[in-house]
Amino acid sequence: MTTAKKDRKTLISMQNIQKHYGDYHALRGINLEIGEGEFFSLLGPSGCGKTTLLRTIAGFEDYDSGYVMISGNDMRGVPANKRPTNMVFQSYAIFPHLTVAQNVAFGLRKSGMSKAEKAKAAEQALEMVGLKGYGHRAAHALSGGQRQRVALARALVLKPKVLLLDEPLSALDRKMREQMQVELIKLQREVGITFILVTHDQEEALVMSDRIAVMFEGEIAQCDDPEVLYRRPKSKRVADFIGVMNFLSAECRVEDGKKIVNVAGLGETEVADDQCPEGFPDGAATVGFRPETLTLLYEGQTATHREAAATIDEVVYYGDMTYYDVRFDGVDKAVRISMRNIFGRDVLEVGSRVRVSWSPGALVVFG
Amino acid sequence: MVEKLRRFFRTEKGTGLLLVSPTAIYALLMLAVPLAAVVLISFWTQNGVRDFDTTMTLANYKEALTDPLYRQLMLRSLMVSGLVTLITVLLAFPIAYFVSFGVKAEHKSLWIFLITIPFWTSYLIRVFLWKVILGYNGVLNSGLKAVGLIEEPLTFILYNVNAVIITLAHAYAPFAILPIFVALEKIDRSLLEAARDLGENRVMTFLRVTLPLAAPGVVAAVLIVFIPTIGDYVTPRLVGGPGGLMIANMIQTQFLRLNNAPLGATLAVLAMLIVAVIAIVFVIIGNRAAGQKGARK
Amino acid sequence: MKSLKVYAIFYLIFLYAPIFLLPLFAFNSSTVIAFPLDSFTTEWFTTLLTLSEMHGALLSSLKIAVTSAVLATSLGIFAAMAVSRYSFPGQKGIMGFIMLPLVLPEIIVAVSLLIVILRMGFSTGAWSVIVGHTLICTPFAIAILQSAFASLDPSLEEAAYDLGETPASTFRLVTLPLVMPGIISALLISFTISMDEFIIAFFLTGAEPTLPVYLFSMMRFPKLLPAVMALGTILVVLSVLLIVIAEFFRRRGAKRTGNDTGGFL
């Protein structure tokens, strides 16, 4: 876990932001602190308010009540063109009537720089995003990935305090997207300014961010660094949204001050406080665990923690990985196990009886 | 109050209204008010050259509806306009279909452009040319005589209703093609493949899929031809002869020659009313037909 | 499809046939408009130069067409921006009414304007023709401009704003250059419509006729028919030229914003 990042200075602070579109309650009391130099993601399904929140920071959306502060200054009434933020739009919004260099230098018009200085700044920005020598090209002749880079250069050349990215990778194909993810991380480290990324892709958020705020229906459900978010989701909904999570029903009780959970098909175990984000429920509960915390045991292997018997329901072969859907004895619902494929070890068949190793510490208990 | 207004104009609705207002006010002053004036004056009576008796009376309507001359002109206008609409739409559909389905994507806009060019040239000149073509010593007759097909010039082709219909059908051809073409373009091509895949042949696919989906375009084409043709002035005047005159010619006569604006206004109002009623009935029938063929949810 | 193509080609010939006759007779030396053709002459075009009344008509037509085009395009910009950017109460009704002159018989527009003008004690003239032409050109201008504004990605303007421009300079630096082809196209189309329009001008022109009104009066004199053909040729060539230029600009605009919807209507 990245404790070092906790002493960042706060750059953006939002307090109780409320916003309605007519009857629709788009933002329901957002409280958020984002630090200097942080790579921060707003993650959620479409319609959750993440883009609205980003546009509120940019100054494109008004809000009913609450405060947005940047570097300690209240942003209410400050229009988008006067804010120390710049945006990379989902459609990139590259001006089609200008060349690449003119696009990048667009925001420098009132900077007081000389023509040569502007050209130099634009060229440097283009070099930073890997488009050196593209300045004279017509903007409408660029590919999707190139447009994205021009949009980045155009925003970064103004040296904003915050760069806002609205689903910047959603228009790219998978390979290009993965490549740009890495480049964006490198770029952010290089320029050192705060990036706020809006995405609906949980994998993208996990890969790129220092911290992630997961939003549902205009509220922040959880704001944590990726590892905490993945391992210790605070609600079933967050757990379900981030990666794959298996759920099994369970019975909870307290015995001699110990928190005991009886999981269907797995048996009884004691859990720690941090495994129960919603508090320890009394009676019926749901238990969640990630596919990689389970292991199929082959002949001769012994469980590192606990062991349970199961039958294989379905096998999905992915090349490097195989996903097994198994049913524990006495349970109707299948759970997913992900296994790394090792050369020389056979993929098991549907219907096989297997032993499964599971670790009590990986369980998360929801009410 | 002022503050409230100012805030309203900063909302999406307010800004939209504010932006559209110059155009809307112009249309209100220069179209709505004059149209209302026509309706009002149709209830008045002409006294002198520029003097009206402003007592409201239905006398003009009584005259317009009972005088056989006006009734005949009205019926002829309807008949001509209906026939022209039928001919134009029937002739236009195959063209629209060809351009939409038979022409490569990159050549489509060229075809549509070629079809629309004549529309942008002077209407007056195009109509006049038909007079030249169809005349007693006209291009058609002189040409046919020159090649020996006829001895005496054909007389049934000018200065009658036939000439009006031919000329109008020619003038409104592009109008009919465009809406049908747009409707055909919107049809998802995989729907046609699906119909074929489900066992229909080309003809049945056309009848069961293409045609119902093109129906809104056909309705639009009918309206866009029918409504303006009924009020056409130039064509009947130039090629219609006395037997081919239509209601617009009478409106013009009442206004500019006989100096009876109220009666002219009455005829204009009646013409608009008839067109409106027919158009509405047609839209309802068209919608219902499209609905029965399952094009509606 | 093959027989359809043959049909389509015949259809095009039918559409263009009358127009192709124009130059044939405009350059034909016979005073009778009939086949067979006589010999080549440019006499009729020279005749046009001597018709001083026609020059006055041409001048007033140009004046009316330029003014109407500018007015219709300006009104069109407002309405097109309003509908492509905002949704406002009564939008369908308001826009439907503004677009009404597209289908309304021109004689109705002409008559209703005439009534109001005379009733208010004004006399007709070039100004009243401009009023009527602006009314009928505006819907065409809106149709063209609307597609120009609709194909303009709104985030382009937001981007300019985000990069420090004011709403006014954003309009000047981004919006205007990108919709300029549409504006030029709307101007040219409106100009052409006004130049060719007859009915409204016929009712509202007053003492100084426009070119089509003058042409109409020429048509009554058989002696002048070859000159009518010559003038018609010039008008048609001019119209086609303007329309081709307008289409060129419309396409350039569509290409820039990467979105070609094709056609004017």
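Taking the criterion of being more than 27 Å from the chain's Cα centre (by Cα) and surrounded by fewer than 19 Cβ atoms within 10 Å (Cβ to Cβ), the residues of region A:348-367 that qualify are A:L348, A:E349, A:V350, A:G351, A:S352, A:R353, A:V354, A:R355, A:S357. Residues in region C:75-89 that are free of Cβ contacts under 8 Å to residues at least 40 places away in the same chain and open to solvent by 50 Å² or more (accessible area, probe 1.4 Å) were compared, and the one that is nearest to the other protein chains (Cβ to nearest Cβ) is C:Y86. The residues listed here are B:V33, B:V20; of these, the one that is open to solvent by 50 Å² or more (accessible area, probe 1.4 Å), among the β-branched types (V, I, T) and at the interface with another protein chain (Cβ under 7 Å from one of its Cβ atoms) is B:V33.
Given the conditions (1) more than 10 Å from chain B (Cβ to nearest Cβ); (2) surrounded by 24 or more Cβ atoms within 10 Å (Cβ to Cβ), report the number of the one that C:G232 does not fulfil. Evaluating C:G232 over (1) more than 10 Å from chain B (Cβ to nearest Cβ); (2) surrounded by 24 or more Cβ atoms within 10 Å (Cβ to Cβ) leaves (1) as the failure. For region A:297-347, taking the residues that are aliphatic (A, V, I, L, M) and modelled with pLDDT under 90, the one that is nearest to the chain's Cα centre (by Cα) is identified as A:I342.
Would you check which residues across region A:96-107 are over 21 Å from A:I193 (Cβ atoms) and modelled with pLDDT of 90 or more and list them?
In the first step, residues of region A:96-107 are kept if they are over 21 Å from A:I193 (Cβ atoms); the result is A:96-102.
Across region A:96-107, the qualifying residues are A:T99, A:V100, A:A101, A:Q102.
Is it true that some residue in region B:58-77 is among the hydroxyl-bearing types (S, T, Y), more than 18 Å from the chain's Cα centre (by Cα) and either within 12 Å of chain C (Cβ to nearest Cβ) or under 16 Å from C:V6 (Cα atoms) (or both)? No, that holds for no residue. Residues that are open to solvent by less than 50 Å² (accessible area, probe 1.4 Å), more than 18 Å from A:R231 (Cβ to Cβ) and part of a strand (DSSP E or B) within region A:264-283 comprise A:G267, A:G283, listed in sequence order. Does B:I180 qualify as being over 30 Å from C:T31 (Cβ atoms), more than 8 Å from every other protein chain (Cβ to nearest Cβ) and assigned to a helix (DSSP H, G or I)? It is true that B:I180 is over 30 Å from C:T31 (Cβ atoms), more than 8 Å from every other protein chain (Cβ to nearest Cβ) and assigned to a helix (DSSP H, G or I). For B:I150, the stated conditions do not hold, so it cannot be described as facing another protein chain (nearest Cβ under 7 Å) and not aromatic (F, W, Y). Exactly one residue among C:S52, C:S147, C:S112, C:S128 is surrounded by fewer than 21 Cβ atoms within 10 Å (Cβ to Cβ) and either within 11 Å of chain B (Cβ to nearest Cβ) or of a type in the set (G, A, S) (or both), and that residue is C:S52.
Give the residues of region A:71-94 that are in a loop (DSSP other than H, G, I, E, B) and of a type in the set (K, R), sorted by residue number. Full working, then the answer.
Let us first name the residues in region A:71-94 that are in a loop (DSSP other than H, G, I, E, B), namely A:71-72, A:75-79, A:83-84, A:89-94.
Residues satisfying the conditions are A:R76, A:R83.
Tallying residues that are open to solvent by less than 80 Å² (accessible area, probe 1.4 Å) and among the β-branched types (V, I, T) within region C:10-31 yields 1.
What do you reckon, is C:F45 of a type in the set (F, W, Y), more than 7 Å from every other protein chain (Cβ to nearest Cβ) and assigned to a helix (DSSP H, G or I)?
yes
Within region B:250-277, the residues that satisfy the criterion of being touching a residue at least 24 places away in the same chain (Cβ under 8 Å), more than 7 Å from every other protein chain (Cβ to nearest Cβ) and in a helix (DSSP H, G or I) are B:M250, B:P262, B:L263, B:T266, B:L267, B:V269, B:L270, B:A271, B:I274, B:V275.
Restricting to strands (runs of 3 or more DSSP E) lying wholly in region A:284-364: which have 1 or more residues that are touching a strand residue (DSSP E or B) at 6+ places or on another chain (Cβ under 6 Å) and among the basic types (K, R)?
Working: elements: A:294-297, A:306-317, A:321-328, A:335-340, A:353-358.
Filter on region A:284-364 gives A:306-317, A:321-328, A:335-340, A:353-358.
Say whether the condition of being within 13 Å of chain C (Cβ to nearest Cβ) and within 28 Å of C:L241 (Cα to Cα) is met by at least one residue in region B:139-146. Checked against the condition, which is being within 13 Å of chain C (Cβ to nearest Cβ) and within 28 Å of C:L241 (Cα to Cα), region B:139-146 yields at least one hit. Considered as a group, the residues in region B:109-121 that are in contact with a helix residue (DSSP H, G or I) (Cβ under 9 Å, 6 or more places away or on another chain) and without any contact (Cβ under 8 Å) to a residue 40 or more places away in the chain include one that is farthest from the other protein chains (Cβ to nearest Cβ), and that residue is B:W111. Against the condition surrounded by fewer than 17 Cβ atoms within 10 Å (Cβ to Cβ) and in a helix (DSSP H, G or I), how does B:L168 come out, does it pass? In short, no.
Out of C:T170, C:T166, C:T192, C:T205, which single residue is within 9 Å of chain A (Cβ to nearest Cβ), buried (at least 19 other Cβ atoms within 10 Å of the Cβ) and among the polar types (S, T, N, Q)? Please lay out each step first, then the result.
Numbers: C:T166 fails: buried (at least 19 other Cβ atoms within 10 Å of the Cβ); C:T192 fails: within 9 Å of chain A (Cβ to nearest Cβ); C:T205 fails: within 9 Å of chain A (Cβ to nearest Cβ).
One residue alone meets the criteria, C:T170.
Of all the listed residues (C:S60, C:S39), the sole one being over 24 Å from B:I25 (Cβ atoms), open to solvent by 30 Å² or more (accessible area, probe 1.4 Å) and more than 9 Å from chain B (Cβ to nearest Cβ) is C:S39.
Among the residues in region B:158-165, are any open to solvent by 30 Å² or more (accessible area, probe 1.4 Å) and more than 30 Å from C:K223 (Cα to Cα)? Within region B:158-165 (the criterion being open to solvent by 30 Å² or more (accessible area, probe 1.4 Å) and more than 30 Å from C:K223 (Cα to Cα)), the answer is no, since none of the residues qualifies. Looking at this structure, is C:F97 more than 8 Å from chain B (Cβ to nearest Cβ), open to solvent by 40 Å² or more (accessible area, probe 1.4 Å), of a type outside the set (G, A, S) and part of a helix (DSSP H, G or I)? Considered against the rule, which asks whether it is more than 8 Å from chain B (Cβ to nearest Cβ), open to solvent by 40 Å² or more (accessible area, probe 1.4 Å), of a type outside the set (G, A, S) and part of a helix (DSSP H, G or I), C:F97 comes out as no. Sort out which residues of region C:174-189 are surrounded by fewer than 20 Cβ atoms within 10 Å (Cβ to Cβ), more than 22 Å from C:L241 (Cα to Cα) and among the hydrophobic types (A, V, I, L, M, F, W, C), and write them in order of number. C:L176 - this is the single residue of region C:174-189 that is surrounded by fewer than 20 Cβ atoms within 10 Å (Cβ to Cβ), more than 22 Å from C:L241 (Cα to Cα) and among the hydrophobic types (A, V, I, L, M, F, W, C).
Can you name the residue in region A:284-296 that is within 27 Å of the chain's Cα centre (by Cα) and open to solvent by 50 Å² or more (accessible area, probe 1.4 Å) and, of all such residues, is farthest from A:G351 (Cα to Cα)? Among those that are within 27 Å of the chain's Cα centre (by Cα) and open to solvent by 50 Å² or more (accessible area, probe 1.4 Å), it is A:E292.
Quick check on my filter: what residues within region A:68-85 are at positive phi and open to solvent by less than 70 Å² (accessible area, probe 1.4 Å)? Within region A:68-85, A:S71, A:G72 qualify.
B:I284 passes every criterion in (1) under 30 Å from B:G135 (Cα atoms); (2) more than 14 Å from every other protein chain (Cβ to nearest Cβ) apart from (1). Taking region C:11-31 as the range and being touching a residue at least 40 places away in the same chain (Cβ under 8 Å) and within 9 Å of chain B (Cβ to nearest Cβ) as the test, the residues that pass are C:I19, C:L22, C:F25.
For region A:108-144, a residue qualifies if it is of a type outside the set (A, V, I, L, M), part of a helix (DSSP H, G or I) and either more than 31 Å from the chain's Cα centre (by Cα) or modelled with pLDDT under 90 (or both), and the qualifying residues are A:K115, A:E117, A:K118, A:K120, A:E123, A:H140, A:G144.
The values are calculated or read from the model by the stated rules, or taken from the named source; none is laboratory data. Note that this is a predicted model, so its numbers are computed, not measured. Reconstructed Cβ throughout: ideal geometry from the backbone, glycine too, with neighbour counts over all protein chains shown. Just so you know, the surface numbers come from the protein's heavy atoms only, side chains and all, with ligands and any DNA or RNA stripped out. Shrake-Rupley method; radii C 1.70, N 1.55, O 1.52, S 1.80 Å.
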